[in-house]
Every structure is written in structure tokens, then in C-alpha cells.
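Step one of this worksheet: look at the structure below.
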Amino acid sequence: MKRLLDFLEMIKFQHTVFALPFALTSAMVCARFERVIWLDKLGWILLAMVGARSAAMGFNRIVDLRYDALNPRTQNRELPTGKITVRQASVLVAVAAALFVLAAYQLNTLAFVLSFPALFIILFYSYTKRFTSFCHLILGFGIGIAPFGAWIALTGRWAWQPLLLTVAVMFWVAGFDIIYATLDEEFDKKMGLHSMVRRWGVACALRWARWFHVLFFVALIAFGAVTHLGSIYYIGVVAIGAFLAYEHALVRPDDLRRVNMAFFTVNGVISVTMLVVTAIDLMVHG
């Protein structure tokens, strides 16, 4: 049990709350919009999500081991402390990636074909801090694939409507990842790593994060419009806008003490709110 908990902590399993609700939201909306049944595929969608995210996080921990061991904020993680070996983490990545591809295969042909480029993107992100300040957007896009993938999992064909949710998630994640990156500004400078915080400073980077979250808000409205969601959905979007405002009020360039609260707690509430209000809207308005 202790080893299992170590693995779950290494991949930050609790952070699944960020991407999973948006994938389930996409699946529910797709079921109504495209008139398809989704509950019979829910299990494979969940396995695909768990597999993809576990592979991405495990791979990130392996790739960043050298930096994690030197960073005071991360040196107590499972790989630097030896609680989990690189070999064990590598096995986890391989098994999780295989689970993702298997789940995609069970869903439909297009999902299976797209699982390989999707896997490449979410693994490739781990290298982006080495050469681009826009790594936050690449992370956001990797997580934003989830709602698009859920839509394809149900229909087996391309659609443009879920791309709005992908764009929304991309800017949402990029915004809060910038906030989190403020904790590593000095370390990133020392190690030659890239982030928008390092490139433009905390104050300017936080302004970028605010604008990204404005785009997130706008994309949510657009998604509701093109999929014909009702008033309850838009009330939820307004509530999400309020949570975003609160998130940015928690963090100031001269006061970063509440970054963790802004990063995890508020964004966890945002994603769950999205799922709940969409589900209620679909039940009420059919």
C-alpha cells in the first residue's frame, strides 16, 4: 500500500481533477449534440485518461530528475529521494502508455490512430522548458486534447465544436501554470530553464496569465453557444469567471505565499464546477 501511495503521489494522481471533468463534460455534451450513447464507452474513456496522464507525469518525473534533485521545492519527490527508482518509473510509463493506446483501440479506429500523436505531444512537453518560454501553452494543449479526444471517442469522426473546449482548456492550464512557475523564477534562471516568468518577470507573466484566463472564459461561452447549452451552463461560466478573479487576487508580484492555493484549490473548484453545471443544464434542458 505504501508503494502504491508513492506511485500515486509521484504522478500527482489528485491533479486528475484538472483534466478529467472537462473530458467528461465534452462527452456529455457530445452525447446530446450528436445523439449518441456515451455511458457504454465511459469506462474506456476513463482508462484512456488515467493512462495518458500517468504516462505523461511519470515521464516528466524521469526527464526532470536532475532538476528536481537540485530544486529545494522538488527535491523531496519520490525519484530524487529514491522511494521509486527510475526503472520502476519507466515501467509505469510504459504500462500507462500501453493502457492509453489499448483504451483508444477499444473505442474506435480514429481514436486509436490519434492516440500516437497525442501520446507524443503529452510526453514531448517535458522537454519544452529547455528551449521555449511558451512551454505553458504546450502543457495546456496537451491537457486540452482530453475533451477533443472524448468527443472523438464517442463519434469516431472529426468535429470542430470540441476544439473550442480544447482551446479553453489550453489557455486555462497555461494561465495557472504561469502562476505556479512564479515559485521557480530564480531556480529557472540559475539552471537555464525557460518560462514566461523567467523571460518577462513575475509582474508581466501574471498579466499574461490574466489574459489567458480571459480567453478561457470567452472560449467557454463560445462552446456553449455552438453546442446550444442553456442558461444554467452560462450561470456556471459566470461563476467560473468569479473564481478566476479570486485566483488572480490571491497572487501578487510582491506576495506569492498563496500560489499553491491559487494553483490547486481554486482550479480544482473551477473544473468540478464546469462538470456539475453542464450536467445539470443537460438534465434540465434535455
## Note on the structure
Pairs returned, first residue in region 153-181 that is at negative phi, second residue that is of a type in the set (Gly, Ala, Ser) and outside any helix (DSSP H, G or I), beta-carbon separation under 6 angstrom, 6 or more apart or interchain, are Ala181/Ser195
### Query
Which one of these does His228 not meet: (1) modelled with pLDDT of 95 or more; (2) surrounded by fewer than 17 Cβ atoms within 10 Å (Cβ to Cβ); (3) part of a helix (DSSP H, G or I)?
(3)
### Query
Regarding Trp151, is this residue modelled with pLDDT under 95 and of a type in the set (A, V, I, L, M, F, W, C)?
no
### Summary
Checked Leu282, Leu275 against criteria (more than 20 Å from the chain's Cα centre (by Cα) and in contact (Cβ under 8 Å) with a residue 60 or more places away in the chain); the one match is Leu282
### Query
So, of the residues in region 231-270 that are closer than 17 Å to Val173 by Cα and among the polar types (S, T, N, Q), which turns out to be surrounded by the most Cβ atoms within 10 Å (Cβ to Cβ)?
Asn267
### Message
I'd like the residue in region 251-266 that is part of a helix (DSSP H, G or I) and over 12 Å from Tyr180 (Cα atoms) and, out of all such residues, is modelled with the lowest pLDDT.
### Response
Thr265
### Task
Output the number of the condition that Val218 fails; it satisfies all remaining conditions of (1) in contact (Cβ under 8 Å) with a residue 40 or more places away in the chain; (2) β-branched (Val, Ile, Thr); (3) farther than 18 Å from Pro21 by Cβ.
(1)
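In this structure, is Phe223 within 30 Å of Ile280 (Cβ to Cβ) and either in a helix (DSSP H, G or I) or in contact with a helix residue (DSSP H, G or I) (Cβ under 9 Å, 6 or more places away or on another chain) (or both)? Reasoning before the result, please.
Working: within 30 Å of Ile280 (Cβ to Cβ): yes; either in a helix (DSSP H, G or I) or in contact with a helix residue (DSSP H, G or I) (Cβ under 9 Å, 6 or more places away or on another chain) (or both): yes.
Answer is yes for this residue.
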### Query
Would you say Arg257 is basic (Lys, Arg) and touching a Lys or Arg at 6+ places or on another chain (Cβ under 8 Å)?
no
### Query
Any residue in region 124-145 that is in contact with a Gly (Cβ under 6 Å, 6 or more places away or on another chain), closer than 22 Å to Ile178 by Cβ and part of a helix (DSSP H, G or I)?
yes
### Task
Please specify each residue of region 169-195 satisfying the condition of being surrounded by fewer than 19 Cβ atoms within 10 Å (Cβ to Cβ) and in a helix (DSSP H, G or I).
Leu183, Glu185, Glu186, Phe187, Lys189, Lys190, Met191
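Evaluate region 100-107: report whether one residue or more is assigned to a helix (DSSP H, G or I), at pLDDT 95 or above, of a type in the set (Ser, Thr, Tyr) and more than 21 Å from Tyr127 (Cα to Cα).
Keep residues of region 100-107 that are assigned to a helix (DSSP H, G or I), which gives 100-107.
When the remaining residues are screened for being at pLDDT 95 or above, the result is 100-107.
The next check asks that each one be of a type in the set (Ser, Thr, Tyr); those that pass are 105.
Cutting the leftovers down to more than 21 Å from Tyr127 (Cα to Cα) gives us 105.
Taking every residue of region 100-107 in turn, at least one turns out to be assigned to a helix (DSSP H, G or I), at pLDDT 95 or above, of a type in the set (Ser, Thr, Tyr) and more than 21 Å from Tyr127 (Cα to Cα).
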### Sole exception among (1) buried (at least 17 other Cβ atoms within 10 Å of the Cβ); (2) more than 20 Å from Leu165 (Cβ to Cβ); (3) modelled with pLDDT under 95 for Gly286, by number
(1)
### Summary
Those residues of region 16-68 which are among the acidic types (Asp, Glu) and free of Cβ contacts under 8 Å to residues at least 12 places away in the same chain amount to Asp40
### Meets criteria (crowded, with 23+ Cβ neighbours inside 10 Å and hydrophobic (A, V, I, L, M, F, W, C)) for Ile138
no
## Note on the structure
Among helices (runs of 4 or more DSSP H) entirely within region 26-91, at least 2 residues that are within 19 Å of Lys129 (Cα to Cα) and of a type in the set (Gly, Ala, Ser) occur in 42-63
### Task
Could you tell me which of the residues Ser195, Ser231 is among the small types (Gly, Ala, Ser), touching a residue at least 40 places away in the same chain (Cβ under 8 Å) and touching a Cys at 6+ places or on another chain (Cβ under 8 Å)?
Ser195
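The values are calculated or read from the model by the stated rules, or taken from the named source; none is laboratory data. All of these numbers come straight from a predicted model, not from anything done at the bench. Glycine gets a Cβ as well: all are built from the backbone with ideal geometry, and neighbour counts include every protein chain shown.
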